[in-house]
Amino acid sequence: MAKMGPRLGVLAAFLVTLAACGGSNTPAAQSDVGITSNSILLGNTIAQSGPARAYGTIANAENAYFTYVNNTKGGVNGRMIKFKILDDAYTPANAVTLTKQLVEQDQVFAMFSGLGTQTQTSVRDYLNTQKVPQLFVATGATTFMADYSSHNWTIGWQPPYQGEARIYAKDILANHASAKIGVLYQNDDYGQDYLKGLTDGLGSSASQIVDKESYDVTAAVPTLAAQLSKLKASGADTLFLFTTPAFTIGSLAIVTKIGWAPLIYLNSVSNPQVYMGLAQKSGAALGNVTSVGYIKDPTDPQWASDDGMKLYKTVIANCTTCNVMDGFNIYGVAVAYTMVDILTQAGSVMTRKNVMDIAAKGLNETNPFLLPGVKVKTTPSDHFPITQEQVIHWSGTGWTLQGSLIDERGTIK
Amino acid sequence: MQRLRSAPPRYFLGVIALLFFIGLPTVVTSFQSSEWTQVLIFAIVIMGLNILVGYSGQISLGHGALMAVGAYTSAILIHRYQVDYLITIPIAGLLTGVVGFALGIPALRLSALYLALATFALAVVAPSLIKRPVQLTGGVQGILLTPPDPPQFAKDAFGAVTGGQEMTSDQWLYYVSLVLALLLFWLAWNLVRHRPGRAMRAIRDREVAAASSGINVAAYKTMAFGISAFYAGIGGALYGLSIGFVSPDTFPLALSFQLLVGAVIGGLASIAGPLVGGIFTFWLPIVSSQFVASQPWIPTGIAAAFKNAGPQVSYGALLIAIMIFAPNGVVGLVTAGYGRLQARLRGAGDRGSGQMPSDPQTV
């Protein structure tokens, strides 16, 4: 009965409001599970222990933004945001149990920014059946945006991996048309998604990929040196690294050690300046490295007097464990900004349906933490919130923005 | 009546536990039932591990991988061949049992340390291995399973008991797990009390002596592996069904450790131990990350350290404490405590009865 109570309550409230409205067009105040007159409860599962716990800070940064909004603006429309973070250690089994706990026991209004492709896939059907919004999942796996029609309680946020890879393909075709490409990718959805984007983006030039090698994250014995030597021997002059940070740092150092100086394309997940510094320390030359960005990098001096960056630094002071220079933290603050934006827009119609509709169909936001010109946007026919990214080039001490924003909106179906 | 009065207290405890588990879903929420489902599943797998480690004296760090075999067998049969989920559970158990039996053959040649390493290797490669045949296993995308609807008779019975409450699939899976757990515990209890159990214990304690008294050491050792894997397969199939999603990351290396630690904490070579072990395996990570962090009386520094280090620190601390203070696990501790209490109640007169104390390990 505990489970049915609130639902019946909502239904009753809905019917009463419906009757009260009597067909007028002004939206009357409505609420839903997890909403009280002075609070909104959001839930999150993320890895805060285990091998992927470096990501855990994202949720703390998000909480820092909510704290900032609660303290300086009195919450959203008078309601304080409460954010419950649970540690799923990056395993689907934990994600399922904890998500059920948040939905059925803690009665959250929505799940926000859950991290990981397998973990979020494992709860997607459940959340869709329960009609609980699964908002702005922290993964670039294309399925979370592309499969909106079959899962319309789920939406991603960051640029899809395939879109990013297509930008690299464009750069290759425009600036290095005769490149011979070697690819090192992580053998999971993440690496495979990137590889698909690159192959699709190159189109008829896909034959320029002369060799591709993959590795497993869980592999006990590092095989990177052998694989990179093989890629070098294949005659490739351009290397794509679709790898996660630890493997990227290792690969960059190995490339230099085996006396190879290819043109390197590095995926955005691994490009925060912290990792580049670590790669340099382990002996990587980083001669000719290209990547893309869409978020302002806290380590980049060009944003020192930028309003968005100043706001970020104010916000992140609310989190005592957060490293202000960590790129993951500004990511967290940026996505929390979008969350507050949709809650604000929902106004007095605080229903799961309304908030979900705004997120998936009615976003049109300029986010102060993203590169100038990047829009967070969804329409009734397009559910990819961020699709613009800019090519960046490693200067030896930092990333420099190249050219202008490239938009991949509409290219991924 | 006389028989009832002279029954050892563990039978009463057993009945109380049984009533508790049968009645539980009618009083707690559907979500809490799903938590207890996982406890029962871990208890089943640990029961199997207990037969292997506690009774036959072999070690396995690869039971997470065996669970994966069971879970994938069940998921593939349901997803690709539309087999009824209930039928897939015994199939998963049998197939995993065969895998375990095969695993037991090389194990004959390995001493404890190398066996630990060999089974550890299995747990390490399992997630990578699962990813390869993408057509079959769904690769990294995993396989999604729709939660099963409870059958009508179960819905009716549940509604009658709870006053018209609709039975959820989580509650139904709880009862499926409970029935299987009871069956498998009963089987294990029979196994260890009879010839195979005695043979396995003999092998565990003195292999050479066991062989010289006519016990087929190789047969019993491989059989222990096979049975143990059968339990892991059943548990794995239920695990997949209760989570509703089977993927490589569902069976990380840590799972195998958690199971072994659970078996040790609960108490090896006992029938009640695996149930206690299941409770620990499921609740310990949750308690260490949620409960400790939310207690105002625990200094924030310690609470934060617990949260950041994750469940591993609690496992480590608890394991050390158990090894020092209760080498026979929680069940061993309770049994010993009860024995001591009874001795004190009986008074000093009984002390010198000259009888050997019964083996506390063979509860």
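Numbers below:
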| quantity | calculated |
| --- | --- |
| Charge dipole (debye, nearest 20) of the protein assembly as shown; +1 at Cβ of Lys and Arg, -1 at Cβ of Asp and Glu | 2080 debye |
| Segment B:Ser212-B:Trp189, length gained on full extension (0.36 nm per residue, minus Cα span) | 5.6 nm |
| Span-like helix ranges in chain B, DSSP H, alpha carbon extent 18 angstrom or more, Kyte mean at least 0.5 | B:9-27, B:30-50, B:63-81, B:85-107, B:112-131, B:169-193, B:217-243, B:253-266, B:273-286, B:311-325 |
| Dipole in debye (nearest 20) - segment A:164-226, about Cα centre, beta carbon charges: Lys, Arg +1; Asp, Glu -1 | 280 debye |
| Likely footprinting exposure, A:Lys232, B:Lys221, A:Lys310, A:Lys377, fewest C-beta neighbours within 10 Å first | A:Lys310, A:Lys377, A:Lys232, B:Lys221 |
| Student exercise, segment B:25-251 dipole from Lys, Arg, Asp, Glu Cβ charges, in Debye to nearest 20 | 960 debye |
| Highest-fluctuation residue, A:Gln105, A:Gln388, A:Gln345 considered, GNM on chain A with Cα pairs under 10 Å | A:Gln105 |
| Alpha carbon centroid spacing (whole Å) that separates segment A:33-95 from segment B:86-117 | 42 Å |
| Loop sites in segment B:96-179: trypsin sites (Lys or Arg not before Pro), DSSP, at most 14 other Cβ within 10 Å | B:Arg109 |
| Cross-link reach list, lysines versus A:Lys281, counting only Cα pairs under 16 Å and skipping chain neighbours closer than eight places | A:Lys257 |
| Aspartates and glutamates with Cα under 15 Å of A:Lys313, excluding same-chain neighbours fewer than 8 positions away | A:Glu62, A:Asp297, A:Asp300, A:Asp326 |
| Residue with peak Gaussian network fluctuation, chain B [Cα springs, cutoff 10 Å], from B:Arg201, B:Arg132, B:Arg346 | B:Arg346 |
| Neighbouring partner chain Cβ atoms per residue of A:82-93, average, 10 Å criterion | 5 |
| Average beta carbon contacts from partner chains per residue of B:282-294, 10 Å cutoff | 2 |
| Average partner coverage of B:311-323, which counts Cβ from other chains inside 10 Å | 1 |
| Chain A - mean residue ellipticity at 222 nm from DSSP helices (-39,500 (n - 2.57) per run, n ≥ 4, rounded to 500) | -12500 deg cm²/dmol |
| Span-rule helices in chain A, defined as complete DSSP H runs reaching 15 Å or more along the axis (Cα) with Kyte mean at least 0.0 | A:4-21, A:245-257, A:327-346 |
| Within segment B:149-177: backbone nitrogen closer than 19 Å to the B:Gln82 label point (7 Å, Cα to C-beta) | B:149 |
| Sequence-distant aspartates and glutamates (8 or more away, or on other chains) whose Cα lies within less than 15 Å of A:Lys180 | A:Asp171, A:Asp211, A:Glu213, A:Asp237 |
| Approximate spin-label separation A:Asn128-B:Ala317, in nm, with each point projected 7 Å along Cα-to-Cβ | 4.2 nm |
| Shape of segment A:210-293, Cα gyration tensor, a/c cut at 1.5 | rounded |
| Anisotropy class of chain A from Cα gyration tensor, a/c 1.5 cut | prolate |
| Ranked list, fewest to most other Cβ atoms within 10 Å of each Cβ, for A:Tyr90, B:Tyr175 | B:Tyr175, A:Tyr90 |
| Candidates A:Gly201, A:Gly235, A:Gly308, ranked by Gaussian network fluctuation over chain A, Cα under 10 Å, top entry | A:Gly235 |
| Structure-based [θ]222 nm, chain B - -39500 (n - 2.57) summed over DSSP H runs of at least 4, per residue, nearest 500 | -24000 deg cm²/dmol |
| Potential extension, A:Ser150-A:Ser229 segment - 0.36 nm per residue separation minus Cα distance | 24.1 nm |
| Cut-off 11 Å between beta-carbons: net charge of the residues surrounding A:Asp211, Lys and Arg +1, Asp and Glu -1 | +3 |
| Local electrostatic count, B:Tyr220, Cβ distance below 11 Å [Lys/Arg +1, Asp/Glu -1] | +4 |
| A:His393 paired with B:Gln342, simple spin-label distance in nm, labels 7 Å along Cα-to-beta-carbon | 8.3 nm |
| Links that overshoot a 20 Å alpha carbon limit, given the list A:Lys170/A:Lys196; A:Lys353/A:Lys375; A:Lys131/A:Lys353; A:Lys196/B:Lys131; A:Lys353/A:Lys377; A:Lys196/A:Lys361 | A:Lys353/A:Lys375; A:Lys196/A:Lys361 |
| Tensor-based shape of segment B:112-206 (alpha-carbon gyration tensor, a/c under 1.5 rounded, otherwise prolate or oblate) | oblate |
| Label point distance in nm, B:Leu19-A:Ser207, each placed 7 Å from Cα along Cα→Cβ | 7.9 nm |
| Pairwise centroid distance, computed over Cα atoms, of segment B:145-187 with segment A:267-281, Å | 51 Å |
| Residues A:Asp307 and A:Ser348, FRET efficiency given R0 of 22 Å [Cβ-Cβ distance, rounded to 0.05] | 0.15 |
| Neighbour-count ranking [beta-carbon atoms within 10 angstrom, fewest first] of B:Tyr85, A:Tyr55, B:Tyr114 | B:Tyr114, A:Tyr55, B:Tyr85 |
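Every read-out reported here was derived from the displayed coordinates using simple, explicitly stated rules and does not represent laboratory data. From a predicted model like this one, the values you see are computed outputs, not experimental measurements. FYI the Cβ positions are ideal-geometry reconstructions off the backbone, even for glycines, and counts take in every protein chain you see.
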